[in-house]
Each structure stands twice: as C-alpha cells, then as structure tokens.
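Report on the following structure.
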Amino acid sequence: MWFPDREPFRHFPEPELERLLRGLADCGAVLEHARWSAACASGGRVRGRLPASALVEVLDAAEQGTGGSHPGLDAAGRTEPTDLLHALCAAQPTLGASLREFQSFQALLFGTKAFTLHREASGLRVAVRAGPRPDAMRHLVEYYVRTMCREAINLVGPVARPLEVRFVHTPADCVTAYRDAFTCRVAFCAPESTVLFSRRAVDARNPRANRAIAAELRRLAREQLAALPGGSVAERAAELIESAVISRAPIECDTVARQLGMSVRTLQRRLAEEQQTFCTVRDEVRERTLVRLANAGSRTPATVAELADAVGYEEPASLCRALRRWRGVRVSTLRMEGETAS
C-alpha cells in the first residue's frame, strides 16, 4: 500500500511521466502495460499531477517487460528534462547555486522534500530520501540520481563527475552497470542514498549562466510553489531556511516570505494558524543542522565559532545560549555525544 504522507516522492507533473516513458521506449521497454498502470494509479486523469506510485509502477513494468535490471538508470541516460525547475537550475552561475535552487523549489517536481544538501570537507553531498521501502523505490531513486549527475556534467563539464554514489537499497544483478553509469565508486546498503560532488565541482562556473533569465524563472517558480496544494507553510519555510543555512545566506523572515510568494504578515499569520512562528521554525532547522554536524564525527567543524557560522549565528555566544535553551547542554557536551555516536 502507498503511504503518500510517508513517501519522499509524493507526486509529479504529468510531463515527467511522459519523459520517463520516452526514455524507457528508447531502451526498448514495452509501454502499453506501463501506460495502463499509470492511468490506474492516477485515477484516469489526462493531465495534471500524478502520484509517485505511477512512476514506480511504470519502472517496475519496464523491468518485467524487458528483463532489464536497471530501467531507472537506462531511462535517465536517454532523456533531458524540460520543466521550469530544471531550466531555473540551468541558468545558475555555479553547480552549487544550481543545487541550492533545486533544493529550494524541488516541491514543484516531487510535492515534498526528497533531496537535501550537506556540506562536507571534501565537497557537497546530496542525500535522497528513499522512504520506508527503499528496495521498492530503487528504480525511481536511481532514475533521479543519474539524472542529477548527468545534468551536473551538462552544466559545468566533466569536473562535475561525482566522487562517490551510495544507495540504501541492494544492487540489481549487474553492479558494473552502476559504475559505467556514474564513472565512480558506487556503494550499496548504505545508511542513506547520496551523491558526493567535489568542492571544485560545486564552485565550477556555468558558461551558459544568465542572471536575468534566472531571476524571471525564480519569480515564476515562487508563484507556482505558492499555488501548490499540500505541505504546510512551516515545512516549506523550513526547507527555504535550510537552504539559506547551507549557503550561509542571511535567514530573514522577509526573504523567506518573498520566496514563498507572500507578504511577511501573511507568512506570520499562516504560521500562527499552524501553531508556529518564524523563530521556532528557524530554531528547529538550526538545531537539526547542529545535531547532524555533531554526528558527522571527524567532519565536524573544529571550533564553536565555526559551528555557529555553519548554522547561521554571527556570534559563538548566540549558539551557546540557543543550545542551552534547546537541549540544556553545552556545545562541548553535544560534540562528545557526536564523537561517541561516530
């Protein structure tokens, strides 16, 4: 049974299904059963947004119809995205900026937060949520991981080849196909599905960047994001705040409100209706980020000042006060807990 409230991929624009079907057709998949499955899963709608179960069934049907073990990998290698979100990402000045835009507006594609970004000493790690059934989602996760890697290379060139790829799920029969697809080390049965891009790749310049086009596409993306059904305002605000923390941008209420396509007063009212405030949402994001950094072991920033900067505080003392308020402990205690966990 499908549990949309627990799945990282909730729904997709129907053109995304058409793109997937074209890619599978190019791989020799028989699509009649796949189209029938998708129509049943979407309630027979002709256009609009489809549940993620539709794409999962299409990929499963392609595997059964062709005998191929990697329909997601194969289809991702033969299609090019044409939607607003990917156009916005393609107009950014660097790969890092492109990934941050993707994180901010990924709900336009998936309906929720499926991808998160984590900075590391060696670069930027993109994590993909697989949900409670990783093996059932493996084709879909592989499809989007390879799509992201291909787009990164298209954006800034071969420097964007990933350092490593990890998957939560077990491998299909032919592991060589994964190494051929990603041209790097690929691991399975990992704690989470991730792609690691080097620092050089993240900072690489996009020769086709266009600031004016990016600004207009961002405006359109904000309008579409604000019009999306589902997903609380607090969740959407938290995603934008997390993106600001990752990019070390100012975490301001008016900036988040503008990105959500509403005024500051409207944002505050909508949050109040959900028994939240901007400050509480911001603190929750900062606390999650701090705990994640503490659990990163040797990758944890070395000083309290660096930790404070990593979660958006200008002064170390502000971080110390916040941590005592959140958890009643000192930074040193949290760091020791992280070292024990690692």
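Values in this text are rule-based calculations from the coordinates and carry no lab data. Everything numeric here is computed off the predicted structure, so don't read it as measured data. For neighbour counting, all protein chains shown are included, and Cβ atoms are generated from backbone atoms with ideal geometry for every residue, glycine included.
The table below gives the values:
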read-out: Whole-number Å³ per residue for the convex hull built on Cα positions in the chain; value: 143 Å³
read-out: For the stretch 84-203, alpha-carbon Rg relative to the globular expectation (2.2 N^0.38 Å, N residues); value: 1.00
read-out: For the stretch 79-92, 3J(HN,Hα) per residue [Karplus equation, 6.51 cos²θ - 1.76 cosθ + 1.60, θ = phi - 60°, Hz, x = Gly/Pro]; value: 10, 10, x, 10, 7, 4, 4, 6, 5, 4, 5, 5, 8, 7
read-out: Trypsin sites (Lys or Arg not before Pro) restricted to the stretch 46-109 and DSSP loop, no more than 16 other C-beta within 10 Å; value: ARG47, ARG78
read-out: Principal axis dimensions, the stretch 160-213 - Cα atoms, whole angstrom, descending; value: 45, 22, 21
read-out: Rel. contact order, % - alpha carbon contacts under 8 angstrom, at least six apart, the chain; value: 15 percent
read-out: Under 5 Å, built H, 5+ apart or other chain: amide partners of GLU164; value: LEU196
read-out: For the stretch 73-114: rounded, prolate or oblate by the Cα gyration tensor [a/c cutoff 1.5]; value: oblate
read-out: Separation in nanometres of the label points that stand 7 Å from Cα toward Cβ, at ALA187 and SER232; value: 3.4 nm
read-out: Placed amide H near HIS11: partners under 5 Å, 5+ positions off or other chain; value: ALA52, GLY111, THR112
read-out: Cα gyration tensor, the stretch 179-237 - rounded (a/c under 1.5), prolate or oblate; value: oblate
read-out: For the stretch 153-272, fraction of C-alpha pairs farther apart than 17 Å, in %; value: 70 percent
read-out: Karplus (6.51, -1.76, 1.60) ³J(HN,Hα), θ = phi - 60°, over the stretch 308-313, in Hz, Gly and Pro reported as x; value: 4, 5, 5, 10, x, 9
